[in-house]
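**Q** Structure in structure tokens, see below.
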Amino acid sequence: QKALVWLRRDLRLYDNAALHHALKNNAQVWVTFIFDVRILKPLQANDVVNGGLAHDRRIDFIWQGLQQIDEALRKQGGGLIVQFGESTECIPKIAQALGVNTVYSNHDYEPSAIARDQQIQTSLEALGISLETYKDQVIFEKKEILTNSSTVFSVFTPYKNNWLRTLREKDIAAYECTPKTGQFAEIPKVLITPFPSLESMGFCPTGIETYLPPGSEGGEQFLEDFLHRIDQYQIGRDFPAIKGVSYLSTHLRFGMLSIRGLVREAHRRMLAGSMGATIWLSELIWRDFYFMILANHPRLADGVAFKPDYDNIEWESSAHAKTLFQAWCNGKTGYPLIDAAMCQLNQSGYMHNRLRMVVASFLTKDLGIDWRWGEAYFAKHLNDFELSSNNGGWQWASSSGCDAQPYFRIFNPITQSQKFDAEGKFIRRYLPQLDKLSKKSIHAPWEAGHLELEAAGILLGRDYPLPIVSHDEARKKTLMRYSVVKKVT
Ligand code: FAD
């Protein structure tokens with residue numbers, strides 16, 4: 001028997017469900033990855049730099065991760081078949097050219113991916129080839145964790161409790177992926193094409209590897225570093241200036257690390273009494289939760305509110321609102337924590353979780369702008385962009401999502417700053433022009449006295465913006481805006 005393993009968002013050669021089953025059931029196995037034009041095309045329009053090439057850190061990150069996989073496969077006599085085209089066409093063609101009996105892949109939960117996979121399954125079946133898919137990127141999927149009355153959960157804490165009660169060793173056991181000698185077969189001549197360069201696909205190198213080492217190798221390196229800190233996770237995780245979180249989301253997003261391996265580590269340490277590991281495991285369960293929510297409510301991918309009444313809210317959409325949105329995107333709101341956070345995103349593709357919550361609240365509750373605008377901006381810029389978690393995070397921030405809160409919260413961007421960046425260390429890192437302000441004034445420079453501003457060499461409106469909105473007035477407006485849903489929630 002011969003098989004083709006189609007990698008998508010599971011870019012690793014260890015503990016991979018599809019690869020495990022392919023190796024177990026077949027004498028010869030090939031591995032492929034398609035840079036899908038349908039996914040890349042819209043990204044090519046993003047941030048086009050000189051020479052007409054687009055700057056997208058994720059494509060670069062994937063590309064570098066694939067080089068590692070190719071190298072590892074070559075050492076074992078095979079190689080990675082990489083093509084740039086439409087996967088709906090490429091996969092059946094490659095499978096046919098190789099003469100395989102089965103294509104193996106792992107489940108994807110996004111509606112567009114599900115539709116694509118169905119189309120490919122039909123094409124493969126017409127060629128007499130079957131498509132086998134497996135659960136791999138979550139611990140429990142779609143309907144595996146249900147309420148006592150067999151319905152889907154919509155609130156996190158009871159879901160998490162049930163998730164933890166259900167967990168057995170077999171759910172987090174690693175899939176053996178060791179090939180027999182010669183099992184990774186040589187790529188036939190007709191399929192040998194050069195590994196497409198980033199430039200040939202319309203993208204430029206981004207330098208992401210200088211701060212986020214790609215592939216399973218990079219993931220392992222970050223994981224090892226985090227495991228030295230995991231026991232203090234609960235203490236440091238809310239403070240963006242310190243290295244308190246794992247920074248593993250991008251490796252997880254592309255499956256360069258196995259979720260089973262991470263949960264195994266966290267769970268073992270939780271049982272040994274580590275509070276940090278217990279809280280970190282909760283975060284990994286949030287990830288499963290949002291995958292489950294999207295899988296059961298695919299309409300969320302169409303931009304509708306989880307709680308439908310929230311679609312009655314009238315968001316600001318005037319030309320002025322568009323200017324405010326641009327100020328938010330560019331980190332020029334005049335609120336230092338918001339601006340530093342947006343600079344972190346724009347410069348690196350990462351934003352700390354506390355800051356994602358604060359900037360999302362600011363956009364929706366201080367500027368009165370539709371959460372979907374922010375969701376789209378994050379989708380374009382986050383290295384770890386994940387439809388399920390991003391949508392979940394934005395709907396949580398705009399109060400329209402899965403949330404046990406009875407009504408809605410409005411974060412105060414100044415008190416959040418005082419609490420989570422008390423010394424202004426994070427702000428100073430991204431807004432060096434404010435460096436000379438005291439730790440008292442750095443959270444709201446317009447409240448600093450003239451003398452302090454002058455001594456710091458800052459003229460507000462020239463060196464740093466004046467606040468584009470008054471939080472107190474915005475709060476009142478938001479209470480009005482949300483009154484359309486107040487009675488029904
Ligand atoms: P850690 O704190 O080390 O957490 C470990 C892992 O747990 C993360 O890598 C992630 O996989 C998972 N996780 C943590 N928090 C959450 C959460 N709230 N929801 C779901 N999973 C979580 N996360 C994404 O992976 N992709 C997104 O597109 C995304 N968009 C977000 C948008 C908003 C508005 C908000 C509020 C949150 C969003 N998150 C998203 C969740 C969270 O901010 C990131 O997962 C986290 O900041 C990644 O950093 P880390 O790996 O250091 O996290």
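All of the numbers you see were taken from the coordinates with simple rules; none came from a lab. Predicted, not measured: the structure shown is a model, and the values here were computed from it. When we count neighbours, we look across all protein chains shown, and the Cβ atoms used for this are built from the backbone with ideal geometry, even at glycine.
**Q** Along the charge dipole of the range 308-484, which of V359, G424, F411 sits closest to the positive end, that is, farthest toward it, with unit charges on the beta carbon of Lys, Arg, Asp and Glu (+1, +1, -1, -1)?
**A** It is G424, whose Cα lies furthest towards the positive end.
**Q** Taking only the alpha carbons of the chain, what extent do you get along each of the three principal axes, in Å, biggest first?
**A** Answer, in whole Å and largest first: 77, 58, 46 Å.
**Q** Same structure, new question: Taking R0 as 41 Å, what FRET efficiency do you get between Q347 and A173 from their Cβ-Cβ distance, rounded to the nearest 0.05? Intermediate results must be reported in sequence, preceding the final value.
**A** On the way: r = 40 Å, r/R0 = 0.97.
Using R0 = 41 Å, I get an efficiency of 0.55.
**Q** Sticking with this structure for a sec: Would you please give the residues with an amide H less than 5 Å from that of L11, counting only those at least 5 places away or on a separate chain, with H modeled from the backbone geometry?
**A** G255, M256
**Q** Given the pairs K143/K380; K332/K380; K332/K365; K135/K160; K135/K380; K41/K142, which are separated by over 25 angstrom at their Cα positions? Can you show the working numbers first?
**A** Working: K143/K380 30 Å; K332/K380 19 Å; K332/K365 17 Å; K135/K160 19 Å; K135/K380 27 Å; K41/K142 30 Å.
Over 25 Å apart, Cα to Cα: K143/K380; K135/K380; K41/K142.
**Q** Then there is this: For the chain, what is the relative contact order in percent, using Cα pairs closer than 8 Å and at least 6 residues apart in sequence? Intermediate results must be reported in sequence, preceding the final value.
**A** Numbers: 749 pairs, mean separation 78.4, N = 489.
The value is 16 percent.
**Q** If r is the Cβ-Cβ distance from D311 to S438 and R0 is 41 Å, what FRET efficiency results, to the nearest 0.05?
**A** On the way: r = 44 Å, r/R0 = 1.08.
The computed FRET efficiency comes out at 0.40.
**Q** Pairwise over distinct Cα atoms, reciprocal of the mean inverse distance: report the Kirkwood radius of the range 295-431 in Å, one decimal place. Numbers along the way, then the final one.
**A** Numbers: mean 1/r = 0.0655 Å⁻¹.
In the range 295-431 this quantity evaluates to 15.3 Å.
**Q** Could you please state, rounded to a whole Å, how far the C-alpha centre of the range 349-367 is from the C-alpha centre of the range 68-132?
**A** That distance is 38 Å.
**Q** Restricting attention to the range 255-363, which chymotrypsin sites (Phe, Trp or Tyr not before Pro) occupy a DSSP loop and are surrounded by at most 11 other Cβ atoms within 10 Å? Can you show the working numbers first?
**A** Numbers: sites: W280, W286, F289, Y290, F291, F306, Y310, W315, F325, W328, Y350, F362; in loops: F306, W315, Y350.
Hits after loop and neighbour filter: nothing returned.
**Q** Using r as the Cβ-Cβ distance of T181 and D463, and R0 as 56 Å, what FRET efficiency do you calculate, to the nearest 0.05? Mind dumping the intermediate values first?
**A** On the way: r = 66 Å, r/R0 = 1.17.
The formula returns an efficiency of 0.30 here.
**Q** On to the next question. Can you compute 3J(HN,Hα) from phi for each residue in the range 158-168, using the Karplus curve 6.51 cos²θ - 1.76 cosθ + 1.60 with θ = phi - 60°, rounded to whole Hz and x for Gly and Pro?
**A** Running phi through 6.51 cos²θ - 1.76 cosθ + 1.60 with θ = phi - 60° gives x, 4, 4, 4, 5, 4, 5, 5, 7, 4, 10 Hz.
**Q** What list of ³J(HN,Hα) couplings, whole Hz, do you get for the range 12-28 from phi and the Karplus terms 6.51, -1.76, 1.60, once you set θ to phi - 60° and write x for glycine and proline?
**A** Running phi through 6.51 cos²θ - 1.76 cosθ + 1.60 with θ = phi - 60° gives 8, 9, 10, 6, 10, 4, 5, 5, 4, 5, 5, 5, 5, 9, 9, 7, 10 Hz.
**Q** Can you give the calculated 222 nm mean residue ellipticity of the chain, where each DSSP H run of n ≥ 4 adds -39,500 (n - 2.57) and the sum is split over every residue, rounded to the nearest 500 deg cm²/dmol? Walk me through the numbers on the way to the answer.
**A** Values: 21 runs with 222 residues, N = 489.
Dividing the helical sum by the residues of the chain leaves -13500 deg cm²/dmol.
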